[in-house]
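So the structure is just underneath, and the comments pick up after that.
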């Protein structure tokens, strides 16, 4: 039965990983202390359910290849080499103008209540006008949200305000 277990890759969901290999939860937490949040049952039900290991690496500010290979080694899977990683924008873009921020959402409250903010944010982004900027406050880099926004042609800028406060500004790149 061991052979039919999950093959660990950047696309593997965090929850799927720790449900299949419960022993890897501590490995994740020891490698990236920010993953301690996985112990929170609410975040486990929401974020861990949709976040991939690639996105978790972004949240933890570690190389995805290093994270994947550490986990694979623990469960005796061969190490792999990964091509280009997704880069998130952390440099202030030319399009940013504080006066153009027309709406904002603090997803920390939703996460604490056990709600998943992705649908709300995507809905708001779909109604964003070309000259408007949407601001999201989160306790970590919301990689799943950013990935989804990129697929919709929406640009972003991540600004770390504090240890557990990240501001992400979103703007449509084209109408």
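The values are calculated or read from the model by the stated rules, or taken from the named source; none is laboratory data. Note that the structure is predicted; figures quoted are calculated from it, not measured. Neighbour counts run over all protein chains shown; Cβ positions are idealised from the backbone, glycine included.
A few remarks follow.
- Considering residues of segment 151-164 that are in contact with a strand residue (DSSP E or B) (Cβ under 8 Å, 6 or more places away or on another chain) and free of Cβ contacts under 8 Å to residues at least 40 places away in the same chain only, the residue surrounded by the fewest Cβ atoms within 10 Å (Cβ to Cβ): 161
- Subset of segment 19-48 [at pLDDT 85 or above and surrounded by fewer than 21 Cβ atoms within 10 Å (Cβ to Cβ)]: 19, 20, 21, 22, 23, 24, 25, 26, 27, 29, 30, 31
- Residues in segment 62-78 that are free of Cβ contacts under 8 Å to residues at least 60 places away in the same chain and in a loop (DSSP other than H, G, I, E, B) were compared, and the one that is surrounded by the most Cβ atoms within 10 Å (Cβ to Cβ) is 62.
- Just one residue in the set 109, 115, 81, 104 is part of a loop (DSSP other than H, G, I, E, B) and assigned by TED's automatic domain parsing to the domain that holds residue 157; that residue is 115.
- Checked against the criteria, residue 148 does not count as surrounded by 15 or more Cβ atoms within 10 Å (Cβ to Cβ), over 19 Å from residue 55 (Cβ atoms) and without any contact (Cβ under 8 Å) to a residue 60 or more places away in the chain.
- Filter result (in contact with a strand residue (DSSP E or B) (Cβ under 6 Å, 6 or more places away or on another chain) and farther than 17 Å from residue 107 by Cβ) within segment 165-175: 171, 172, 173
- Here residue 87 fulfils each of the conditions (1) part of a loop (DSSP other than H, G, I, E, B); (2) over 20 Å from residue 169 (Cβ atoms); (3) free of Cβ contacts under 8 Å to residues at least 24 places away in the same chain apart from (2).
- Considering segment 132-144, and only residues there that are closer than 20 Å to residue 95 by Cβ and modelled with pLDDT of 90 or more, the residue that is surrounded by the most Cβ atoms within 10 Å (Cβ to Cβ) turns out to be 136.
- Output for segment 136-175, where each listed residue is outside any loop (DSSP other than H, G, I, E, B) and more than 21 Å from residue 87 (Cβ to Cβ): 137, 162, 165
- Number of residues in segment 20-61 that are in a loop (DSSP other than H, G, I, E, B) and within 22 Å of residue 142 (Cβ to Cβ): the value is 5.
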